[in-house]
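Have a look at the structure below, then the notes.
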Amino acid sequence: MRKMAVWIAALALGACSLSGDREADGSGVSPPTEGVTDAMIAAADGGEWLTYGRDYSEQRFSPLDLVDTGNVGQLGLAWFADLDTARGQEATPLMHDGVLYFTSAWSKVYAHDAATGKQLWAYDPKVPRETLVRACCDAVNRGVALYGDKVYVGTLDGRLVALDAKTGKVAWSKLAVPDQESYTITGAPRAAKGLILIGSGGAEYKARGYLSAYDWATGDEVWRFNVVPGNPKDGFEAEGVNAKAMEDAAGTWAGEWWTLGGGGTVWDSIVYDPKTDLVLFGTGNAEPWNPAALDRGTGDALYTGSIVAVDANTGAYRWHFQETPEDRWDFDSNAPIMLADLEIDGKLRHVALHAPKNGYFYILDAETGQFLGGKPFAMQNWTTGIDPRTGKAAISPEARYEQTGKPFISLPSSMGAHSWHPMSRSDATGLVYIPTNQVGAAYVAQKDWKETGIGYQIGLDIGASALPADKAVRAQARAATTGALVAWDPVKQAEAWRVDYPGPWNGGTLATAGGLVFQGTAGGQFIAYEAKSGGKLWSFPTQTGVIAAPMTYSIAGEQYVAILVGWGGAFDLVAGAVADKSGPMRNISRLLVFKLGATGKLPAVPPMAEQVLDPPPFTGKPAQVARGADLYGRYCMVCHGDAVVAGALVPDLRHSGALGSPETMKAIVIDGALSHNGMVSFAKALRPADAEAIRHYVIKRANEDKALEKGR
């Protein structure tokens with residue numbers, strides 16, 4: 001515990017300078033002196049959970065030990081709250097002054113009495129359902145920020161909203177995205193130095209990544225760091241303090257990259273470091289994925305696929321470390337960043353720890369960005385290794401699929417060896433607990449790609465890589481798709497232990513001083529493991545898949561463990577025939593709260609209804625079906641699944657009544673008859689003949705799958 005004590009003391013000392021007057025803050029913004037303050041977040045009282053990763057280190061380690069390895073078997077359900085949504089639940093609840101604050105899908109915010117579960121208030125930002133057309137990965141939200149007397153939430157349609165913490169009434173609301181055509185917000189805001197920090201998503205559409213800082217009291221934008229340089233004719237559209245950084249980055253791009261924004265969105269990981277007074281954040285993929293689609297060349301495409309550090313007061317660039325140069329695989333660096341003090345090569349170093357999508361675990365000096373170490377924590381084939389001195393990836397020649405003209409079967413894929421699902425670190429063991437995925441995918445360059453103004457703009461031929469209706473091929477794909485909880489030793493740069501799961505997309509983790517690691521699974525279990533060995537000590541059936549991370553708090557001498565449950569997110573939407581690898585799943589969205597000795601029970605759920613395929617006869621022509629396959633891959637797959645096999649969240653088109661009616665299909669796809677449900681008109685890109693081609697393709701796939709079910 002000595003290192004933890006040193007870490008907390010250093011944070012607290014750093015935070016002392018944040019609570020002074022306006023002159024003490026380089027940003028010119030006065031931080032709050034009442035409610036939740038910087039000093040409180042830094043000191044990280046064990047009974048509360050005040051920010052997304054518990055404290056500024058984002059280690060998700062709780063010093064609470066009332067629940068431990070000896071009594072965790074007595075953990076029971078204290079209370080639960082049903083949520084009015086059937087979309088994925090990704091948020092981590094926050095707790096302050098006896099109130100639990102959390103978000104659900106569609107950016108809704110709730111406040112509950114943390115001991116009894118009584119709802120105190122709820123806020124619905126009323127996000128238009130049409131927003132789904134630019135949301136790559138479900139209508140999810142990863143949580144709120146608490147600061148001063150306010151609760152902050154980013155909404156899917158791009159607003160940053162401040163709510164009164166006691167009443168849930170709107171204090172102010174600002175549009176936090178450049179436009180509402182390409183951008184979404186799903187990440188949790190962070191608060192420090194009087195600033196609310198937030199980015200956005202949208203790098204599959206037409207977005208330019210950025211991180212913005214807003215005045216916590218007024219909502220005025222204080223600074224913005226743009227991740228990707230803009231149009232050179234306009235001085236790269238750079239802020240004054242970052243003009244040189246944008247000019248340097250522009251040298252790593254080619255073609256007219258700015259016409260699609262360039263990507264690099266900051267959709268999740270943001271960390272404020274009081275020791276260095278820097279904000280560290282991860283950046284997303286380059287856009288489009290296929291470099292040949294816009295002739296953006298084979299440069300590094302800065303500052304995508306990177307960790308970037310900026311001055312917390314001004315947003316001025318300080319350093320970057322690029323984890324995935326030349327990104328063409330959607331290997332975002334948006335996985336949560338963690339700060340720690342570790343002994344590296346005999347010296348105590350203040351470091352940033354990161355396990356991004358690309359499969360490597362990186363250790364960086366948190367002040368300078370110096371590469372201190374990196375090893376694969378999962379299977380990967382996109383590199384032949386990384387330079388042991390610089391950390392630069394040596395890209396496998398076959399991974400440059402747009403150059404070879406051949407499909408590249410990549411591990412990891414865009415699902416990531418580790419995505420947004422939070423990892424945790426135990427101060428007792430020194431291990432980092434990572435929810436990992438093994439999901440492969442084929443990357444095929446699309447020929448003659450053109451921007452269409454709606455849907456994915458990534459330059460891949462998704463239809464060509466769809467899983468065929470072949471039992472043997474599907475069995476191979478399912479066998480190769482797995483997940484694991486990996487306990488990683490960052491000092492030894494090696495795996496300490498692992499727990500294998502049938503499938504990927506399992507929830508984030510929580511480590512506690514009670515010697516425990518908690519994690520929910522895609523298979524519908526909430527599990528406590530021994531932190532040292534990975535031994536399973538307790539589990540609870542959640543009735544639905546879990547993708548969020550748990551948290552813990554204490555009230556009146558009792559420790560509680562809380563977790564949002566509800567299957568969803570990107571993997572369920574796109575994975576097709578492998579989406580149910582952890583077992584048949586449904587979405588039952590709830591908040592579950594546990595404590596020792598509780599005996600609560602969840603309501604019984606009826607058996608899942610079995611759907612029998614009964615499509616119309618296939619009458620399409622080969623050219624028509626080929627056209628339909630291409631269009632389905634471009635516009636439909638992201639929601640309705642690979643090869644027309646849907647997951648648990650959205651309608652499975654193989655069962656749609658519209659298959660028997662060209663008129664109904666046109667009304668939905670072209671006329672937007674179901675826009676109120678999120679299925680907008682695609683008339684920007686498609687004609688009635690295209691809708692008919694998609695209908696015939698879906699009918700063909702449905703009949704093929706029907707034959708598979710009958711064993712033919």
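Points to keep in mind about this one:
- Members of segment 617-650 found to be assigned to a helix (DSSP H, G or I) and at positive phi, listed by number: Ala643, Val644
- Identification of strands (runs of 3 or more DSSP E) wholly contained in segment 501-571 with 2 or more residues that are touching a Pro at 6+ places or on another chain (Cβ under 9 Å) yields 509-512, 516-520, 525-530, 551-555, 558-565.
- Scoring Ala646 on the criteria (1) among the small types (Gly, Ala, Ser); (2) surrounded by fewer than 16 Cβ atoms within 10 Å (Cβ to Cβ); (3) under 22 Å from Gly88 (Cα atoms) leaves a single failure, condition (2).
- Conditions (1) farther than 24 Å from Trp567 by Cα; (2) out of contact with any Pro (no Cβ under 9 Å at 6 or more places or on another chain); (3) at pLDDT 95 or above; (4) not hydrophobic (A, V, I, L, M, F, W, C): number failed by Glu181: (3)
- Ala293 being at pLDDT below 95 and either touching a Phe, Trp or Tyr at 6+ places or on another chain (Cβ under 6 Å) or of a type outside the set (Asp, Glu) (or both): yes
- Scoring Pro356 on the criteria (1) more than 24 Å from Arg296 (Cβ to Cβ); (2) in contact with a strand residue (DSSP E or B) (Cβ under 9 Å, 6 or more places away or on another chain) leaves a single failure, condition (1).
- Residue match in segment 597-610 (condition: modelled with pLDDT under 95, under 26 Å from the mean Cα position of the chain (by Cα) and not aliphatic (A, V, I, L, M)): no
- Only residues that are crowded, with 18+ Cβ neighbours inside 10 Å and either in a strand (DSSP E or B) or more than 21 Å from the chain's Cα centre (by Cα) (or both) were counted in segment 220-230, giving 6.
- Counting residues in segment 153-168 that are of a type in the set (A, V, I, L, M, F, W, C), assigned by TED's automatic domain parsing to the domain that holds His96 and more than 25 Å from the chain's Cα centre (by Cα) gives one or more.
- For the residues Leu686, Leu674, the requirement of being crowded, with 17+ Cβ neighbours inside 10 Å and either in contact (Cβ under 8 Å) with a residue 12 or more places away in the chain or assigned by TED's automatic domain parsing to the domain that holds Pro615 (or both) singles out Leu686.
- Count of segment 528-567 residues, restricted to those that are among the aliphatic types (A, V, I, L, M) and either touching a helix residue (DSSP H, G or I) at 6+ places or on another chain (Cβ under 6 Å) or surrounded by fewer than 20 Cβ atoms within 10 Å (Cβ to Cβ) (or both), is 4.
- Of Thr276, Thr252, Thr265, Thr218, all but one fail to be in contact with a strand residue (DSSP E or B) (Cβ under 6 Å, 6 or more places away or on another chain) and either under 28 Å from Ala355 (Cα atoms) or not small (Gly, Ala, Ser) (or both); the exception is Thr265.
- Residue check for Leu573: surrounded by 19 or more Cβ atoms within 10 Å (Cβ to Cβ) and either of a type outside the set (A, V, I, L, M, F, W, C) or more than 26 Å from Gly463 (Cα to Cα) (or both): no
- Ile458 within 20 Å of the chain's Cα centre (by Cα), part of a strand (DSSP E or B) and of a type in the set (A, V, I, L, M): no
- Residue match in segment 74-96 (condition: part of a loop (DSSP other than H, G, I, E, B), farther than 27 Å from Trp420 by Cβ, assigned by TED's automatic domain parsing to the domain that holds Phe571 and not hydrophobic (A, V, I, L, M, F, W, C)): no
- Among (1) of a type outside the set (S, T, N, Q); (2) part of a helix (DSSP H, G or I); (3) within 23 Å of Cys137 (Cβ to Cβ), the one test that Ala667 misses: (3)
- Just one residue in the set Asp138, Asp157, Asp179 is outside any strand (DSSP E or B) and surrounded by fewer than 20 Cβ atoms within 10 Å (Cβ to Cβ); that residue is Asp179.
- Residue pairs meeting the criteria (Cβ under 8 Å; at least 6 apart or on separate chains; first of a type in the set (Phe, Trp, Tyr), in segment 691-712; second assigned to a loop (DSSP other than H, G, I, E, B)): Tyr697/Gly620
- Note on segment 483-509: residues that are surrounded by 18 or more Cβ atoms within 10 Å (Cβ to Cβ), within 22 Å of the chain's Cα centre (by Cα) and either farther than 19 Å from Glu530 by Cβ or modelled with pLDDT under 95 (or both) total 4.
- Hits in segment 646-657 - residues which are at pLDDT below 95 and hydrophobic (A, V, I, L, M, F, W, C): Ala646, Ala648, Leu649, Val650
- Residues of segment 35-52 that turn out to be more than 13 Å from Met551 (Cα to Cα), at pLDDT below 95 and either surrounded by fewer than 19 Cβ atoms within 10 Å (Cβ to Cβ) or not aliphatic (A, V, I, L, M) (or both), as a count: 2
- The set of residues in segment 24-45 that are over 29 Å from the mean Cα position of the chain (by Cα), among the β-branched types (Val, Ile, Thr) and closer than 24 Å to Ala316 by Cβ contains only Val29.
- Filtered residue count, segment 239-271, keeping only those that are buried (at least 24 other Cβ atoms within 10 Å of the Cβ) and either free of Cβ contacts under 8 Å to residues at least 40 places away in the same chain or among the polar types (S, T, N, Q) (or both): 2
- Residue list for segment 287-317, restricted to those being small (Gly, Ala, Ser), out of contact with any Leu (no Cβ under 9 Å at 6 or more places or on another chain) and crowded, with 24+ Cβ neighbours inside 10 Å: Ala301, Gly305, Ser306
- Residues of segment 107-133 that turn out to be within 17 Å of the chain's Cα centre (by Cα) and either part of a loop (DSSP other than H, G, I, E, B) or surrounded by fewer than 24 Cβ atoms within 10 Å (Cβ to Cβ) (or both), as a count: 1
- Reported count of residues in segment 627-668, each being β-branched (Val, Ile, Thr) and farther than 27 Å from Ala707 by Cα, is 1.
- Any hit, segment 318-334, residues being outside any loop (DSSP other than H, G, I, E, B) and out of contact with any Leu (no Cβ under 9 Å at 6 or more places or on another chain): no
- Test: residue in segment 696-704 that is touching a Lys or Arg at 6+ places or on another chain (Cβ under 6 Å) and either farther than 30 Å from Lys126 by Cβ or among the polar types (S, T, N, Q) (or both): yes
- Only one of Asn334, Asn358 that is within 20 Å of Arg208 (Cα to Cα) and modelled with pLDDT of 95 or more: Asn334
The values are calculated or read from the model by the stated rules, or taken from the named source; none is laboratory data. Quick caveat, the model's predicted, so the values are computed rather than measured. Note: ideal-geometry Cβ built from the backbone for every residue, glycine included; neighbour counts use all protein chains shown.
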